Amino acid sequence: MTSDQFKSEMIALLPRLRRFALSLTRSGPDADDLLQEACTAALQKWQQYDPAQPFDRWMFRVVRNLWVSEIRKRNVRQGQGHVDAQEAPELHAVGSADEVLEAKQVRSKVAELGEELGQPLLLVCAEGYSYREVSELLGIPIGTVMSRIHRARKQLISGLVTERAGTS
């Protein structure tokens, strides 16, 4: 793979990487910073990429590893917070009032899931990765991925049903 091919593939992947960064950071500006840092790191180390593995998984791993490092830095500095997903303007839906309300409810419930359940769910349901790919990307056993997605779906359904029953 040449440098130009690497750049082209990375550019094509940017929207998906940004969604992933946003799911990690729960903040538009933090997601942008994380994505910029990931792209810079990837461009500096593009020769370390093994074309035998899928490029998107490699880039998602770069983003995730940088986020883990950032969380560790924040824990040391303390006092750093995050913006909840439901407050992020990038996730606001456009459509009918019912669609907007439903999307807001789902976003709110996904944000409540936390990183442990939310990451695998978003990677499978929103990004279209297989369980095996998510397992490799997050560095956890495939059974754990399946369990977390199952729990996340149950919590989402339960939360949405409870919320709708309360508004009826």
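The stretch between Asp4 and Ile71, if pulled fully straight at 0.36 nm per residue, gains 20.9 nm over its current Cα-Cα span. If the segment from Arg153 to Ala52 were pulled out straight at 0.36 nm per residue, it would be longer than the present Cα-Cα gap by 33.0 nm.
Given R0 = 25 Å, the distance between the Cβ atoms of Lys104 and Leu14 translates into a calculated FRET efficiency of 0.45. Spin-label pair Arg61-Arg132: with each label point 7 Å from Cα along the Cα-Cβ axis, the two points sit 1.6 nm from one another.
Candidates Tyr131, Leu160, Gln119 compared by Cα position along the dipole of the range 107-163: farthest toward the positive end lies Leu160, with charges placed on Cβ. For Lys104, go through the lysines and keep the ones whose alpha-carbon is under 26 Å away, minus same-chain ones fewer than eight residues off. List returned: Lys154. Ranked by solvent-accessible area (1.4 Å probe, protein heavy atoms only, all chains present), the residues Glu37, Glu116 order from largest to smallest as Glu116, Glu37.
The values are calculated or read from the model by the stated rules, or taken from the named source; none is laboratory data. All values derive from a computational prediction rather than experimental measurement. Quick reminder, even Gly has a Cβ in these numbers, built from the backbone with ideal geometry, and neighbours come from all protein chains shown. We work out accessible area using only protein heavy atoms, side chains counted, and drop any ligands, DNA or RNA first. Shrake-Rupley method; radii C 1.70, N 1.55, O 1.52, S 1.80 Å.
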